[in-house]
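Right, one structure below, let's go through it.
The values are calculated or read from the model by the stated rules, or taken from the named source; none is laboratory data. Just so it is clear, the structure is predicted and the values come from calculations on it, not from any experiment. Counting neighbours? That spans all protein chains shown, and the Cβs are built from the backbone with ideal geometry, glycine included.
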């Protein structure tokens, strides 16, 4: 029995298509996977309004900051508050507000978690959902790779630390957790494994759950990540979605203006994030 | 152990029924086990199919760059995870490899969606090894499941043969038990009844147990004893009567029902005969001695009544003749 008979063929096509793409871009945008779907939908609007070709890549908030500072990207996508050092070198525009949602598979009957339970799950103290009154099912933890703003927010909230970072006295996220990159990856993994738990952008989680992905967002410390709770910062893990840049060239300014326009904010809302006009 | 005839007849069949049920339960358990193995085989095939489907959908997702593909990938993985969970606590060792493979495939999809194509191409290459591992694992487990199913099928056939032999043996045993417990005692009761019907009351009826046949034999025994006592009494009374002794009486205290009525009538008959003959003897003795004062009193039926009437009439004629003779002698 063969698993993928035409796998090599498809792989060749993927690589060929990739290298056949245009090589010169007027605007290069990279960074947070949380912001990426918004920008992805803004690009066609941008070109419709006369904007030039845009290259888009993920890589996480860290990559967005790094690429913008290096000049390889004109705009960086950053899904967290800017650090003081970054604020001195980069300008930023908040295009939306988001929260970190704790998600589990739809088959999991659990509806809420406390911060301490979340910590016990991610340190490996709780290994089976039955310990929390759920089914007799092993807990599958999904965490994010270092460099993503999502894990920084998660670490900040829980006081845990990724085992991939330089070791400190902070308790570590268990090593058997799956380390993933994008929000979509986390959502797909949690949606596919009934025992999984992950943390992702609430906007992406909502949008994908509504589209049919079998995941659900849990209430954290008794607060549901609703628009109101995010707006009022009652939900414990809230973050801004930024577009950062070094220089507001006409192209960059035009793109930022589009993101803050009614059309751009409609995209933000469509993807489940909180538009900045609502703040 | 004392058992009624009903229990003697039902018990062997009940035992046979219980045995057959027990054997059928074992066969049912065999079948369930076989079905379970067949279900595992189907699940393994479906898991293999799901693994291929995940790979195909990831490739499609990479090509089409549609996020919706992630939903389909998750649905397929969820189905596969459920199938693996059905195989046992560890899904026959497939759980972790499948999860790792799924996570790796999802990562590749996401990497391509983030336009990290070089990294994606590298990861795709690494996934081939994982695919081969899962594939080989599934093939091995399917072969093991097929062998187990074949073994269970052979065992089931053998067991069915054993069941058939055991059931036949049990039927034979049940027949013997019914024969010994029911048919043979009935035959004994029939022979006793036939002997009594033929007038042989000398046989000994052995009575043991407390079933219906024993009760029948006991009744036959009582009947035989009552008949024997009655017939001995009748024989004795008739023998003495033929020798002119009408003083013998049957003991009615030992008799019941029709036998008692018969004994009472015989006693009554010998009593009447004795009383009648005694009166006739008394009157004729007196006549022989010239005593004409005696007569037969009482109320005798039938031939005894006619005898009474004849003797009394004869005695009156003698008395009147004697008076005439006395009157003529006085006149002369």
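So which of B:91, B:133, B:125 is modelled with pLDDT under 90, more than 30 Å from residue A:34 (Cβ to Cβ), in the same structural domain as residue B:39 (by TED's automatic domain parsing) and surrounded by fewer than 21 Cβ atoms within 10 Å (Cβ to Cβ)?
Exactly one residue qualifies, and that residue is B:133.
Go through the range A:171-199 and give me each residue that's in contact with a helix residue (DSSP H, G or I) (Cβ under 8 Å, 6 or more places away or on another chain) and surrounded by fewer than 20 Cβ atoms within 10 Å (Cβ to Cβ).
A:171, A:172, A:174
Quick one: count up the residues across the range A:174-212 that are more than 7 Å from chain B (Cβ to nearest Cβ) and in a strand (DSSP E or B).
Count: 7.
Residues are listed down the side, and each one gets a yes or a no for (1) on the phi > 0 side of the Ramachandran plot; (2) at pLDDT below 85; (3) more than 14 Å from chain A (Cβ to nearest Cβ); (4) touching a strand residue (DSSP E or B) at 6+ places or on another chain (Cβ under 7 Å):
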{"position": "B:18", "(1), (2), (3), (4)": "no, no, yes, no"}
{"position": "B:47", "(1), (2), (3), (4)": "no, no, no, no"}
{"position": "B:64", "(1), (2), (3), (4)": "no, yes, no, no"}
{"position": "B:102", "(1), (2), (3), (4)": "no, no, no, no"}
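Within the range A:110-124, is even one residue in contact with a helix residue (DSSP H, G or I) (Cβ under 9 Å, 6 or more places away or on another chain), more than 9 Å from chain B (Cβ to nearest Cβ) and within 28 Å of residue B:120 (Cβ to Cβ)?
Within the range A:110-124, one or more residues are in contact with a helix residue (DSSP H, G or I) (Cβ under 9 Å, 6 or more places away or on another chain), more than 9 Å from chain B (Cβ to nearest Cβ) and within 28 Å of residue B:120 (Cβ to Cβ).
Are any residues in the range A:227-253 under 20 Å from residue A:96 (Cβ atoms) and either out of contact with any helix residue (DSSP H, G or I) (no Cβ under 9 Å at 6 or more places or on another chain) or within 14 Å of another protein chain (Cβ to nearest Cβ) (or both), and if so, which ones?
A:228, A:229, A:232, A:233, A:252, A:253
Only one of (1) over 22 Å from residue A:215 (Cβ atoms); (2) touching a residue at least 12 places away in the same chain (Cβ under 8 Å); (3) within 60 Å of the chain's Cα centre (by Cα); (4) within 10 Å of another protein chain (Cβ to nearest Cβ) fails for residue B:77. Which number is that?
Residue B:77 satisfies all of (1) over 22 Å from residue A:215 (Cβ atoms); (2) touching a residue at least 12 places away in the same chain (Cβ under 8 Å); (3) within 60 Å of the chain's Cα centre (by Cα); (4) within 10 Å of another protein chain (Cβ to nearest Cβ) except (1).
If you take the residues of the range A:200-215 that are closer than 21 Å to residue A:115 by Cβ and modelled with pLDDT under 95, which of them is surrounded by the fewest Cβ atoms within 10 Å (Cβ to Cβ)?
Taking the candidates together, the pick is A:205.
Does residue B:98 satisfy the condition of being within 7 Å of chain A (Cβ to nearest Cβ), within 29 Å of residue A:148 (Cα to Cα), buried (at least 17 other Cβ atoms within 10 Å of the Cβ) and touching a helix residue (DSSP H, G or I) at 6+ places or on another chain (Cβ under 7 Å)?
no
What's the number of the condition residue A:135 fails, among (1) outside any loop (DSSP other than H, G, I, E, B); (2) over 20 Å from residue A:163 (Cβ atoms); (3) touching a residue at least 24 places away in the same chain (Cβ under 8 Å)?
Here residue A:135 clears every test but (1).
Is there a residue in the range B:143-161 that is in contact with a helix residue (DSSP H, G or I) (Cβ under 6 Å, 6 or more places away or on another chain), in the same structural domain as residue B:102 (by TED's automatic domain parsing), in a helix (DSSP H, G or I) and within 30 Å of residue B:103 (Cβ to Cβ)?
yes
Give A:123, A:47 a once-over and let me know the one that is assigned by TED's automatic domain parsing to the domain that holds residue A:227 and touching a strand residue (DSSP E or B) at 6+ places or on another chain (Cβ under 9 Å).
Testing whether each residue is assigned by TED's automatic domain parsing to the domain that holds residue A:227 and touching a strand residue (DSSP E or B) at 6+ places or on another chain (Cβ under 9 Å) leaves just A:123.
So for the range A:70-83 (the condition being away from chain B (no Cβ under 13 Å), surrounded by fewer than 19 Cβ atoms within 10 Å (Cβ to Cβ) and under 26 Å from residue A:225 (Cβ atoms)), does at least one residue qualify?
Yes - at least one qualifying residue is present in the range A:70-83.
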